[in-house]
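One structure below.
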Amino acid sequence: MSYHKSIKPFTTHVPTWCPGCGDWAINSAIKRSFVNIGYTPSDVCVVFGIGCSGNMNDHLNAYAFHALHGRSIPVALGVKLANHDLPVLVVAGDGDTYGEGGNHLLHASRGNHDITVIIHDNSVYGLTTGQVAPTALHGMRAKSTPTGMIERSISPLALLVSQGATFVAQTFAGYLDHASEMVEAAMRHKGFSVVNVLQPCVTFNRVNTYQYYLEKSYYLGKEHNPKDKQSAMKAALEMDNERYALGIVYEDKDAPVYHEQVPTFDGGALVSQTPKRPIDVLTEEFLA
Ligand code: SF4
Ligand code: MG
């Protein structure tokens, strides 16, 4: 299949990312997944966070919403609750998702909301020129930490597995085929699915480079059982030792998703239901 031709319906302007940035590969991986699943631009909604990753909002043709910093997940949940028949994807950075939006991530995980979150994990705030983000390595020197980051780095995969996300995967922007495979698997998963993409920021992060991840990442083998939470936590916590597992770390295909447990939705997606009371009547009640 010629991806160049087939992803064209999802392509708008040429991105402005720095040459060599991992965002380019993530952009392609997302579009490939849409094509493989059979979506057209009007079949899917993408909610973007703030950051270099969020600038994909200008380059990807689909229903889209550019949310506030750290607020892409609650906006996506709102879209999903209004129309649970619509596939909803979040594209955001590590600072956005694990920093400003960390609380939203936890609660979307425990709710098993049926959305997919793709995280561009470059360990810095790239758009604001390279301050450390929560996944930066302990001791990392950057503009915001001239003598080294004092805090320990967050363990994103362990956080997600422990809080109830039902699909947790990791990939590397240097491996486009693998990244496409993981994004597609996440989108096909029913429930809260997250792909942490190790994404070199070639301009502001001189530590987590392509070479760094080529040396420190490894594919999860057949011995890894993604259904087993203990194995998943073991693989997830390898990041603390600068070893990065690539593949599906954890998957639970049987957990009930949020919208299937809301009695109001028995009558179909909210967007297709006739409101019992007109919105202007409700508004008047609030204003009274
Ligand atoms: Fe990519 Fe970093 Fe450039 Fe942003 S600043 S486009 S993350 S390389
Ligand atoms: Mg970042």
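One table, with the values for the structure above:
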read-out: Farthest toward positive dipole pole in region 3-256 [+1 Lys/Arg, -1 Asp/Glu at C-beta], among H66, G78, Q170; value: H66
read-out: Relative contact order (%) - criterion: Cα under 8 Å, at least six apart; region: region 125-279; value: 22
read-out: Residues L86 and R110, FRET efficiency given R0 of 30 Å [Cβ-Cβ distance, rounded to 0.05]; value: 0.85
read-out: Order of R277, R141 under a 10 Å beta carbon neighbour criterion, fewest first; value: R277, R141
read-out: Only Lys, Arg (+1) and Asp, Glu (-1) charged, at Cβ; the chain dipole about Cα centre in debye; value: 440
read-out: P(r) weight above 32 Å for the chain, C-alpha pairs, percent; value: 24
read-out: Integer Hz, Karplus 6.51/-1.76/1.60 couplings in order for region 99-111, x for Gly and Pro; value: x, 3, x, x, 5, 5, 4, 4, 6, 5, 5, 6, x
read-out: For region 3-256, with +1 on Lys and Arg beta carbons and -1 on Asp and Glu, the positive-most of V44, T209, I150 along the dipole; value: T209
read-out: J(HN,Hα) series, region 114-122, from Karplus relation 6.51 cos²θ - 1.76 cosθ + 1.60, nearest Hz, glycine and proline x; value: 7, 10, 10, 10, 10, 10, 7, 9, 10
read-out: Ranked list, fewest to most other Cβ atoms within 10 Å of each Cβ, for L68, L287; value: L287, L68
read-out: Solvent-free Debye scattering, log10 I(q)/I(0), computed from the Cα coordinates of region 82-159 at q = 0.15, 0.21, 0.25, 0.26 Å⁻¹; value: -0.57, -0.94, -1.18, -1.25
read-out: FRET E, pair K143, F65, Förster distance 22 Å, beta-carbon r, rounded to 0.05; value: 0.15
read-out: Calculated SAXS-style log₁₀ I(q)/I(0) at q = 0.13, 0.22 Å⁻¹ - region 187-288, Debye, Cα scatterers; value: -0.70, -1.22
read-out: Fewest-first ranking of T203, T147, using other Cβ atoms within 10 Å as the exposure measure; value: T147, T203
read-out: Estimated inter-spin distance, V207 and S6, nm [label 7 Å along Cα→Cβ]; value: 3.9
read-out: Label-point separation in nm, K234 to D266, each point 7 Å along Cα→Cβ; value: 4.5
read-out: Shape call, region 1-128: gyration tensor on alpha carbons, a/c limit 1.5; value: oblate
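Here, each number is a calculation from the coordinates, and none is a lab measurement. What you see is a predicted model, and the numbers here were worked out from it, not measured in a lab. Cβ: placed from backbone, ideal geometry, glycine included. Neighbour counts: every protein chain shown.
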